[in-house]
Each structure stands twice: as C-alpha cells, then as structure tokens.
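Participant: Take a look at this one; I'll ask things after.
The values are calculated or read from the model by the stated rules, or taken from the named source; none is laboratory data. A quick note: this is a predicted structure, and the numbers were derived from the prediction, not measured. With ideal geometry, Cβ positions are generated from the backbone for all residues, glycine too; neighbour counts draw on all protein chains shown.
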Amino acid sequence: MGGLQKKKYERGSATNYITRNKARKKLQLSLADFRRLCILKGIYPHEPKHKKKVNKGSTAPRTFYLFKDIRFLLHEPIVRKFREYKVFVRKLRKAYGKAEWTGVERLRDNKPGYKLDHIIKERYPTFIDALRDIDDALSMCFLFSTFARTGKCHVQTITLCRRLTVEWMNYVVTSRSLRKVFLSIKGIYYQAEVLGQLITWLVPYQFAHDHPTDVDYRVMATFTEMYTTLFGFINFRLYQTLNLVYPPKLDSKAESELKAEHEEDYAMDSESYLEKLSALSASLARVVATAEEEENQLDLFPTEGEDQENMQAREKEQKEQEAQKRLFEGLKFFLNREVPRESLAFILRCFGAEVSWDKSLCIGGTYEVTDETITHQIVDRPDMDKQYINRYYIQPQWVFDSVNAQMRLPVEDYFLGTTLPPHLSPFVEEKDGDYVPPEKLKLMALQRGEKPVQEDDEEEEEEDDEEEEEEDEEEDDVDDEELTEEKNLKKMEGTRAQGKTLAVKVTPGKVKPWETGSVGNKVRLEQEEKAEEKRLAIMMMKKKEKYLYDKIMFGKKRTTREVNKLTAKRKAHEDASKAQKKQKKAKKQ
Amino acid sequence: MEEKDDEGESVCRLVQPEGLFMRVKKNSIPRVQISTPYSTRPEGDIRNTVGNIPMEWYQDYPHIGYNLDGKKIFKPIRNKDELDEFLDKMENPDYWRTVHDKTTASDIRLSDEQVDLVHRLQKGQFGDVNFNEYEPSVDFFTNEVMIHPVTNRPQDKRSFIPSLIEKEKVSKLVHAIKMGWIKPRKPKETTPQYYDLWAKEDPNAILGRHKMHVPAPKMRLPGHEESYNPPPEYLLTEEERMAWEQQDAEDRKLPFLPQKHSCLRAVPAFSRFIHERFERCLDLYLCPRQRKMRVNVNPEDLIPKLPKPKDLQPFPTTMSLVYIGHSSLVRSISASPTGQWLVSGSDDCTVRFWEVNTGRCMKTLEVGGAVKSVAWNPNPAVCLVAVESTVLLLNPGLGDRLVVSSTDQLITSYEPPEEDKEQAVTWALSEGPEHDNGHRLTLTHPKAVKQVVWHGKGDYLASVMPDNSSNLQVLIHQVSKRRTQNPFRKNKGLVQCVSFHPLRPYFFVATQRYVRVYNLIKQELTKKLMTNCKWISSMAIHPGGDNLICGSYDCRLAWFDLDLSTKPYKMLRHHKKALRGVAYHKHYPLFASGADDGSVIICHGMVYNDLLQNPLIVPVKVLKGHQITHDLGVLDVTFHPTQPWVFSSGADATIRLFT
C-alpha cells in the first residue's frame, strides 16, 4: 500500500469537461459576452458519457463544455475587444453623467469595433465548408431583411441583410442554379445547387411581423452579425467564380434604360440602385465580357462496364439539368399586382423567362400589359375584366409546380378561377412502403411521357372493388368450415354435459381444403408453413435481439399504419366528392 | 417661506376664537384636521389629553379620554344615528359647515372666516388674506454697467503681450501638419468590406479541432402536409385537430396545423416564424452535438437460423382425436406403457379409461373426490390414481387377461410382516363391489395428495402432500411390501412435484424455486438446481436422465443440463401465460409444454451422447385446440409411449390427441 493516495475527480473525464459557469469565470466574461463568444466561435456544449463522474458525484443538471474548447477560446482576440467595449460603455456613461458632451463625442468617434473575418476563416477553412453551412445564414438574413426599420435591431443590419440577399438572388439568377421551390404555410422554400452543394432556404411571406415578446433578439442579432460576414465573403467568392463585378453592377445597357425613367423617385442614389438590383429584371455586369453561357460538355472517356453505365447516367442527368435550366426560355411573363412579385420574378428569371410588371408595383418593369408578345400572365384573382386572347391567364402555382416537375405542366388546371390541384412538396422522396399521393403518381406518369387518362379510371376502380370482395368471400368460406366443425364439437359436448346418454362414437373430421386442394392451395400451404417457421424461429431469439427486432417491426408497423390511414382518408374524401358530384348531376336533371 | 408660514399660522390662531387651526401639507390636497388648541379656555377645560390616536380605541367605553385634571371626559349621552344624520342633512342649513370633532365627540359649526380659510387653502393660496405674494423684488446689485473700475490695480503685462509658450505649441502643430504627421480624422467606414477570404486555401492550416467538429444538422425539409394547398388526406379531421390542440407543444408530431388555402393570395403570415428561427438559433449554440451511429439492421438477419421443422420430423402436427366425456377440468392424464390405453382424472370425481386409437371411453370409475393426479404403472397393468387425501391403486382390467390376473396375484400375495410398524399411511384392501370395480388398495394419507409418481421399476411410488409447515410432504411407498416411509426429516419449502430418476437411484424434489436432487442410497443431497423462476409448476426428466425441464407459473420453461451446471442451460419464454405441464417423449427427441394460453408447444430437444455437444432445442410446432375456460387452458400434457403423439388435457373438460 505504498504511493500517494489517488484522489477522486483529478483525472479522466472529470478533467476533460468544465461547467459553463467555471468556463465563464476562467474567461473573465459576463454571461452575455460568453454567450456571444460561443455563438461567434461556434462552440457548443458537450454531453459527457458519465454525467455523474464529470459532475464530481453530483447529479445536478449542468451544461458542460469540453475543456479543450474553452482553452481554445482563451487566446481569442475578440475577447479583448469585448473587454474594451465594456470599458467604453463605462466611460461613455460617466461622460453622460457629467454632461461632458465633447467627451461623449470623442468617445463615440473612437468606439471600439471588431471584425469577424479571422473567425470565419478559422471556422470554415475551405470555401466548400462555408457553403455547406450557409442554409441558416440565408434564412436568417432573409428574415432580417423583412424587418421594419424601427426598434428590434439596427437599421444598418437590416439594410446589410437586404443587400446581401439581393446579391445572392442575383447570383442564383445568373448562375441559374435554382432547383426546387415550395409554397408552404410558413413561407417559400427554395433549393439551389451551388457548386454541387444543395442549399435550402426559407423566405417568409411579405407581411409585417408581429414581434413576439419571448424571443431574445440579442441572440438573433449576434447570429446575424456572424452570418452577414460569412454571407458577404461567400457572395464575393461566388461572384468571382462567375466573373461578375462585386459589389454587383447592372449591365451598362440595362442601366441606361432604367436611368432614364426613375431618376427622381428616390432620394438616395444607393437606395435606388439597390432597388434596381432587387427588381431582378436586368442582367449583371461582368468583369470580362464573355458569351452569356458556356456549354460545358462532359468529356468522354473510354470506359467499360459499370463505369460506362455510370457515365451514361451522369450524362443523362446533365442533359436533364440543362433542360431544366431552360424551362421557361422564350416565354414572356407579366405579373399582376396581387402576386408576390419578388419570388415569382426570381423564379422565372432563374429559368430563363422574361418578366415584367406594372410600373406602379416596382421599378424595373421592362414592358407593359398591352404588349402583344406576352405569353403568360400570372393572376391571383377570381376574374379579370379585360383579357387578351393570345396569352394564358394562370395562377402562380403553375410556375412552382412546373419548376418542381422539371417540365411545363398543362396550363388547363391552373386557369383563372379554377380549383387548383394540390401543391406537393418536392423535397419528399418516397421509399417503397411510403405513402405516395395519387397526384404524385399522376405527375410521375406525365414525366415519363404518358398521356393522362381521364374519367376511365372510375370504372376500373369499381371493378377492382368487386374483385376484392370476392376474395374476401373465399376467405370467409374457409373460416366458415372451421367454425362449423367447432360448432359440431361444441354441440356434442353440450349434450354430454346435459347428461344425455349418447352412443359413443367418433365423428369423422373434415380435412381442411388447402391440404388436398388445387395448386393455389398448395402455394398457400407453403406460405403458411414458412410463416409458421418464422414464428417459431422468432420464439428462439435471444432477449436482446428480440428487443431490437420488436423495435424495428414496431416502426415498420407504424409506417404501414400511417400509410393505411392516409389512403383511407383519401378514399373517404374521394367518395364524398363523388357523391356530391352525383347529387349535383341529379339536381341538374 | 418658513417665516411666512409661521406668520400665517399665528394669524390663523388669532382669527380662530374657538381655537381651531389647520395644518397644511405642501403639495397635497389640504386636509382639515381639527384638534383642541393649546389656548386657554375660560372655564371647564375639556381639552382631551389622549393625544393623536385613533379614536376608535375608545369606541366601547363611555368616555372618550381624559382632561388635564385626569378626569374622564364622557361621551354625549346620545350619539347621532343615521336617521339623525339624514334629518340634519335635510333640515340644517349649516350642515355643510358643521364638522365633527372626534376627540370631543361634538359638532362644531365653522365660522365664515374659517370657511374662507378652508377655501383659500383648498385653492393653494396662503392662509393669510393680507399676505401679498407678488411684492416687487429688490435687486442687490444694479444692472447698469458702471464706467469706473471697482479696483484700481494696473493691468498685467501678459494680458496684452502674446504668449510665447502658446506660440511654440501652435508652430509645432503647424509644422506637424505641414510635414503630414497630423492628418484630419478619417470618416469611419460603416459598410463592411468583403474580399476573397479563401484566396489561399492552405490545407495544412486546418486545425485539428475541425476533425472533431460536428456540423449542425440541417433543418428538416418540409413534407406535403406543410404545403399551402396540401392533398386532402393530409388535413386533420376535427377529432385530430382537437387532439392536436390538447397536446403539449413537445408531444406534437407536427409543430403546426396543416391548412388548405384556395389560392396564394389567401395565405396569411406564419405567426411562429420568428419563434422557429429563434429556436433554431438556440439549438445551434445550446444543444450538445453527438454523432450517433445508426446501424441499419435487416430484421430478417436477426432471426436465428434454425434447422427446418420439416427435417426434424416426426412430431405431432394435427389434432386428430378429442376424448369427450368429462364434465369438469381434466387435471391429469397418463398413458399405459403399451400405448393402448389412457387414463384421465378430473374434478368431476371420476377416473376414465380410454382406448387411445378409437377415443372410446372404456370405463368410468367414481372415486369420492376430485382427482388431482393419475399415473399408470410403467411395469404391468396396474393403474394408480391419487384422489383427495387418498391414493387408490386400481386394476383397470383392460387388455391381456393374463396381465390382469398377474397383477391381482401380485397384490394378494402380500404377507403381513410379523411385527407391525407404525406407518404414516394406512393400507387397506378393498372388497365387495369396489373390488369388482377395480379398486385394489387404498392408501389413506393424512393430508390431500397432489401428485403421485411411479418409479421406473413399478414397485415404488411417491406421493406429494404439499404443506408448508410440516416435514411430512413426500412419502415413498413400496407396493409389494405395503411399506411407507418418509424420506425427509426437515421441511425445505413447499414441495411442488417430485420425480424418480429413470435409471439411477436419484430422487428429484421441486420446491417453489429450486429443484433438489437426492441420492436415495447414500441418503444425501447431491445437487440443488436454481431455476430462476418464481414458482415451479411442473417438472419432467429426460429418459437419458441427464437433462431436466421445469415449467413455471411465470411463463418460463427452464432446461437444465445436469452435467453442465446448476443453472438453466436455456430459458424458453414461448408461452404467454403460466405453464401447467411439461413432458418428455420416451424415445423421440421431443418435449412438450402446455400452458394457460391454451396452446401446447412441441419442441425438438436433441441430446447428444457426446458430452461436448450441447443439446439442440428447436421449437417445431404450436398446437392449438383447447378452449380457455376460467382463465385455464391446458392442464397436463403427456406423450404416447411409442408413437410421436401427444395428449393434452384441458380445462374445457376434453382430452385431445395430436398426431
């Protein structure tokens, strides 16, 4: 028993973790500053494996950070800036108290600020890393850009967010990288493929926000601070890849056109320029004047076997993508006043269409309603007074559905005043066993190039129903026989119990039909045997495996139950609508 | 002001002959407080000396305080009640200027001057009528500039000669500006500057911690139900909506209610948009992140690969015969060693003998009590039945006449020993009609017998009388000598069942949780098996003698390999309810278990002669047929001695044969 006594909690996991409060004390920061630092540096808590060991025997709920993370924060230059800012605030308060206005001015001039460039570089060492993490930044900036310029946060932040989002949208338009769009009840989801990364963001509908009281805007503002820096650098880099000028400039041609009209409407030049950019109707200036699009053909390599198949698949995909990029090319759209201009202009421009709108709606409309060459007018009202013959009047959902289907859908379903078909999410990828709504099936058939079958399917359905019923009857027969047998036995037992002296006899039982019957019965017999075998094997499973197996099977059953529920609901709905139709017909007659 | 206030007060005093004076609090509505003054009174000084106290304290007394002489001041004889008050209010023209003095309990009518004073104070004016607030002010100094200096001191030189020091300072600054050392302050840049941050991507600069970094998971992509115009099946019904609203926000499967809007124009703003974004922010910086390895297991792979039941035939597969005749639960069954007959004992106090092949009831014997256990002698055609508190030895008189007669001979050939020993049970030979029915011997036990078992040779039999408090639970009888002995001196717990080893002189006793194995020759305990069950119900021993199965009321079946360990080699939890009976087949590698869920499970239990190879246990068939009555299903199972058939008796008063 020699040597020093080992003390508890001086090695192992207890020393690898640090509680939040201890970390804060180590860094000599207030809680708010610590929080800000964690957000900026991307430090998050860590759940230890053995909480009690780490917590030195106590089971109190605490948040733990990795000790390494906190040590990493120790020599962060931003921390000093935080302290400087604290001092600055103290001095300013004192100056105010003493009413030394020149001092206040001087202090304000020398307000300490900090830059996050090095943090961005450190958190995202490569450009692709940054691009992968931009989803939240986009959603946040789009949200902040819709805030009113009063109250909740600095006006500069809002304008900066607006500027960055406009730049982003312009980039997506120019690179034509939008893939999917979705109108949800929360807002509009967009998905773009930028440099091979799928980026999804959510834009709220254009309404004034009802600011909740239980939200800490300081946290959101700190995130936005980080996100705007990241977003700006990404935009710069993206513009560079396309040889575009950054900050974005309009094409000289477009600029001269626009300049003539709306010079007097805006007080500030910069403001009007941002508006022009956000109109999204003009193309951007490039550093080097090049042709609009370079066709980047896949090089052909001599390959064999599987590789060749892969190659072909890739080629096909490439072609499809190219086709999708030119989805609306050659079409001329006009947006009515009541449709969301920005999102529609953005989407349409992404797929090569020409868009214009009413002059009163926004700057940047390039042609009038009266233009005869307009092919589609997007309208979201039940009726229009004056209609031109040579254009389609369609509802905005057509644009979204067409983009998701990667083809121009038939416009008939989306005409003015018609009931719209359901709008499906393009993000759902059904595996086998999942529920597929019938609309999706129809769409898939359309994509395969089949003509939509109309009105015939009703009869077919009815036939199907009959068949099913017959099957059911067969099953019933089998059951009945079993039942009758049992009944006979029971009857005999009953008579015995009553004490009647029956002649002792053995009644011949019936051999069950599938045991001697036709081929179909044999198949059934085999299936039954297999099922029985499986059941018996499951009985012999080990406890641990049985638990896992039961869990998996429970999950599977739940999904099937959900699918069944959805199909049943759908069927009920269709039956109801059919009945309504019939009633209407009857009334007409 | 102070002075003036004092003055005002003094004036007041002078004005008020009755001695009332008012104190005025500044900045508040003037409150009238009336108290007796200090001024002298001509006669009958009724000043109250109680001081400034709540006068309610004197409510219950006839007096309201004390005068200067220490005499009580009595209340006026009759206080005004509400009605008086009202009449006063209506009739008295001076009511409005009457004030009640609490300390003297008398009404005082205010004079005109006093009323005027109150008015003035209410308006915020001075109490003194004659006081002028706006007297012209008198300047201490004149405002006119005087032409002559106040002092006669001559001016300093420095006041009219430019300062050299200042000149030096200025010239320094001018020089610095000229040289470009001092520059005007730059306007601060407010817009952030962006540049190509990743111009030099150095893979070596990536910190080690980036490998540890767990990127935040992306937001879930929306499904069909989030659409502004979803397919109708995704909308919630009225009931689902109610359920959704009543659930806690955390329990909800969907964080929002799916809604259908006829057109895009009708879609409102999402009220929780900022909330959701904020929650995402919180998740990003407050949630611990962990990489979870999700193993994609094919559930089919988890199922063990067992030999196919087809390859393990023969075993019983179908129900072929139902033996009907009993009117109550059939507790126990036993097959004759030839396999031709079957005996069953039931709660309807009968023992029935059946022909196995035809299902015909050959004989019914009334015994005076519910039959708990029957056992057919493994050697000749002697059948033994245990009835309530007695054990009967019966000769069924079935089959070969020679065997029947030899059995009778065996019983009659008994010669009583010379000295009678005191025995635990009494042996009685039956005579008369009972003898004709087949009764041969009656062993009257002191307590109810639950189970009887024959030894393999057929001469010895053991009976069990479960009793927690005595050591007389198991008795071993020798039929040829009509002797009975109690093998155990001590009570080791409630005995559930006993059994003889088929080949060696061992005796198995199952108590509630353990099975004890005794060596009958050495008269010692050789083994104690831990079953890990709560309550053993039945036990069976492999004909080889090295394996044992135990059924228990907690749905388990334990297989013991006696050579391996005292713990179960395998626990099988095949049944859903309590096991009631277990049995081994004599020749085939089969064992069966019957339970309260009405099923009999047949398992293939192969025991190898090679000691290194563990027994192979494969369930091969689940036989169903018995109906569950009073929560009881199958009560006993037994195998046919030669064929791969199994008999089961149930609570539905039937016996079933599965072949």
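Participant: Those residues that are more than 14 Å from chain A (Cβ to nearest Cβ), hydroxyl-bearing (S, T, Y) and under 29 Å from B:D348 (Cα atoms), I need them from segment B:606-648; list them, please.
Facilitator: Matches in segment B:606-648: B:T638, B:S648.
Participant: For the subset of segment A:375-398 comprising residues that are part of a loop (DSSP other than H, G, I, E, B), of a type in the set (A, V, I, L, M, F, W, C) and under 22 Å from A:L420 (Cβ atoms), which member is modelled with the highest pLDDT?
Facilitator: Among them, the one singled out is A:V379.
Participant: Scanning for something touching a Ser or Thr at 6+ places or on another chain (Cβ under 8 Å) and among the acidic types (D, E), does segment B:194-213 turn up at least one residue?
Facilitator: Within segment B:194-213, one or more residues are touching a Ser or Thr at 6+ places or on another chain (Cβ under 8 Å) and among the acidic types (D, E).
Participant: Would you point out which residue out of B:L121, B:L117, B:L68, B:L110 is touching a residue at least 12 places away in the same chain (Cβ under 8 Å), in contact with a Cys (Cβ under 9 Å, 6 or more places away or on another chain) and not acidic (D, E)?
Facilitator: B:L117
Quick grid of which residues meet (1) loosely packed, with under 10 Cβ neighbours inside 10 Å; (2) modelled with pLDDT of 80 or more; (3) more than 30 Å from A:R108 (Cβ to Cβ); (4) over 60 Å from the mean Cα position of the chain (by Cα):
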| site | (1), (2), (3), (4) |
| --- | --- |
| B:E144 | yes, yes, yes, yes |
| B:I165 | yes, yes, yes, yes |
| B:V170 | no, yes, no, yes |
| B:L173 | no, yes, no, yes |
| B:K211 | yes, no, yes, no |
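Participant: Considering every residue within segment B:273-286, establish whether at least one is facing chain A (nearest Cβ under 9 Å), touching a residue at least 12 places away in the same chain (Cβ under 8 Å) and either assigned to a loop (DSSP other than H, G, I, E, B) or under 30 Å from B:F658 (Cβ atoms) (or both).
Facilitator: Scanning segment B:273-286 turns up no residue that is facing chain A (nearest Cβ under 9 Å), touching a residue at least 12 places away in the same chain (Cβ under 8 Å) and either assigned to a loop (DSSP other than H, G, I, E, B) or under 30 Å from B:F658 (Cβ atoms) (or both).
Participant: Just the residues that are facing chain B (nearest Cβ under 9 Å) and free of Cβ contacts under 8 Å to residues at least 40 places away in the same chain, please, taken from segment A:208-242.
Facilitator: A:D210, A:P212, A:D214, A:V215, A:D216, A:F236, A:Q240
Participant: Please count how many residues of segment B:208-222 are more than 7 Å from chain A (Cβ to nearest Cβ) and in a loop (DSSP other than H, G, I, E, B).
Facilitator: 6
Participant: Oh, and also: Select, from B:P268, B:P304, B:P255, the only residue that is assigned to a loop (DSSP other than H, G, I, E, B), modelled with pLDDT of 85 or more and farther than 21 Å from A:K565 by Cβ.
Facilitator: None of the others qualify; the one that does is B:P268.
Participant: Taking B:W198 as meeting all but one of (1) surrounded by 15 or more Cβ atoms within 10 Å (Cβ to Cβ); (2) of a type in the set (A, V, I, L, M, F, W, C); (3) under 30 Å from B:K260 (Cβ atoms), write down the number of the exception.
Facilitator: It fails just one condition, (3).
Participant: Restricting to segment B:176-191, what's the tally of residues that are among the basic types (K, R) and touching a helix residue (DSSP H, G or I) at 6+ places or on another chain (Cβ under 8 Å)?
Facilitator: Selection size over segment B:176-191: 2.
Participant: Between a residue in segment B:235-252 that is away from chain A (no Cβ under 14 Å) and any residue that is of a type in the set (A, V, I, L, M) and surrounded by fewer than 10 Cβ atoms within 10 Å (Cβ to Cβ), which pairs come within a Cβ distance under 8 Å, given they are 6 or more apart or on different chains?
Facilitator: Taking only residues 6 or more apart or on different chains, not a single pair turns up.
Participant: Let me ask another. What do you reckon, is B:E189 without any contact (Cβ under 8 Å) to a residue 40 or more places away in the chain, over 23 Å from A:T559 (Cα atoms) and more than 7 Å from every other protein chain (Cβ to nearest Cβ)?
Facilitator: yes
Residue by residue, here is whether (1) in a helix (DSSP H, G or I); (2) within 14 Å of chain B (Cβ to nearest Cβ); (3) not aromatic (F, W, Y) holds:
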position	(1), (2), (3)
A:Q324	yes, no, yes
A:E329	no, no, yes
A:E338	no, yes, yes
A:E342	yes, yes, yes
A:G352	no, no, yes
A:S360	no, no, yes
A:T366	no, no, yes
A:T370	no, no, yes
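Participant: When you go through (1) more than 13 Å from chain A (Cβ to nearest Cβ); (2) assigned to a loop (DSSP other than H, G, I, E, B); (3) buried (at least 16 other Cβ atoms within 10 Å of the Cβ); (4) at pLDDT 85 or above one by one for B:D348, which number turns out not to apply?
Facilitator: B:D348 satisfies every listed condition except (1).
Participant: Right, here's the next one. Search segment A:42-62 for residues being more than 37 Å from the chain's Cα centre (by Cα) and farther than 27 Å from B:K211 by Cβ, and hand back the single one that is surrounded by the most Cβ atoms within 10 Å (Cβ to Cβ).
Facilitator: Ranking the qualifying residues of segment A:42-62, first place goes to A:N55.
Participant: What residue, of B:S552, B:S599, is small (G, A, S), surrounded by 24 or more Cβ atoms within 10 Å (Cβ to Cβ) and in contact with a Leu (Cβ under 8 Å, 6 or more places away or on another chain)?
Facilitator: Selected residue: B:S552, the only one of B:S552, B:S599 that is small (G, A, S), surrounded by 24 or more Cβ atoms within 10 Å (Cβ to Cβ) and in contact with a Leu (Cβ under 8 Å, 6 or more places away or on another chain).
Participant: Within segment B:628-659, how many residues are polar (S, T, N, Q) and either on the phi > 0 side of the Ramachandran plot or in contact with a strand residue (DSSP E or B) (Cβ under 7 Å, 6 or more places away or on another chain) (or both)?
Facilitator: 5
Participant: So for segment A:63-72 (the condition being charged (D, E, K, R), buried (at least 17 other Cβ atoms within 10 Å of the Cβ) and within 13 Å of chain B (Cβ to nearest Cβ)), does at least one residue qualify?
Facilitator: yes
Participant: On to the next question. Please list, ordered by first then second residue, the pairs with beta carbon atoms under 6 Å, 6 or more apart or interchain, first in segment A:271-289 and more than 16 Å from A:I363 (Cα to Cα), second aromatic (F, W, Y) and part of a loop (DSSP other than H, G, I, E, B).
Facilitator: none
Participant: Oh, and also: Quick one: in segment B:406-433, of everything that is touching a Lys or Arg at 6+ places or on another chain (Cβ under 9 Å) and within 20 Å of B:R352 (Cβ to Cβ), which residue is surrounded by the most Cβ atoms within 10 Å (Cβ to Cβ)?
Facilitator: If we take residues in segment B:406-433 being touching a Lys or Arg at 6+ places or on another chain (Cβ under 9 Å) and within 20 Å of B:R352 (Cβ to Cβ), then B:T407 is surrounded by the most Cβ atoms within 10 Å (Cβ to Cβ).
Participant: Hand me the list of strands (runs of 3 or more DSSP E) wholly inside segment A:170-256 holding 1 or more residues that are among the polar types (S, T, N, Q) and crowded, with 19+ Cβ neighbours inside 10 Å.
Facilitator: A:187-194, A:197-204
Participant: Every residue in segment B:395-405 that is surrounded by fewer than 18 Cβ atoms within 10 Å (Cβ to Cβ) and either polar (S, T, N, Q) or in contact (Cβ under 8 Å) with a residue 40 or more places away in the chain (or both), please.
Facilitator: Of everything in segment B:395-405, those that are surrounded by fewer than 18 Cβ atoms within 10 Å (Cβ to Cβ) and either polar (S, T, N, Q) or in contact (Cβ under 8 Å) with a residue 40 or more places away in the chain (or both) turn out to be B:G399, B:S405.
For (1) more than 12 Å from chain B (Cβ to nearest Cβ); (2) at pLDDT 85 or above; (3) more than 24 Å from B:V620 (Cβ to Cβ), each residue gets a yes or a no:
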| position | (1), (2), (3) |
| --- | --- |
| A:P508 | no, no, yes |
| A:G517 | yes, no, yes |
| A:R535 | no, yes, no |
| A:K546 | no, yes, no |
| A:K551 | no, yes, yes |
| A:K557 | no, yes, yes |
| A:E562 | no, yes, yes |
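Participant: Sticking with this one: In this structure, does B:F315 turn out to be crowded, with 17+ Cβ neighbours inside 10 Å, among the aromatic types (F, W, Y), more than 10 Å from chain A (Cβ to nearest Cβ) and not in a loop (DSSP other than H, G, I, E, B)?
Facilitator: Criteria not met by B:F315.
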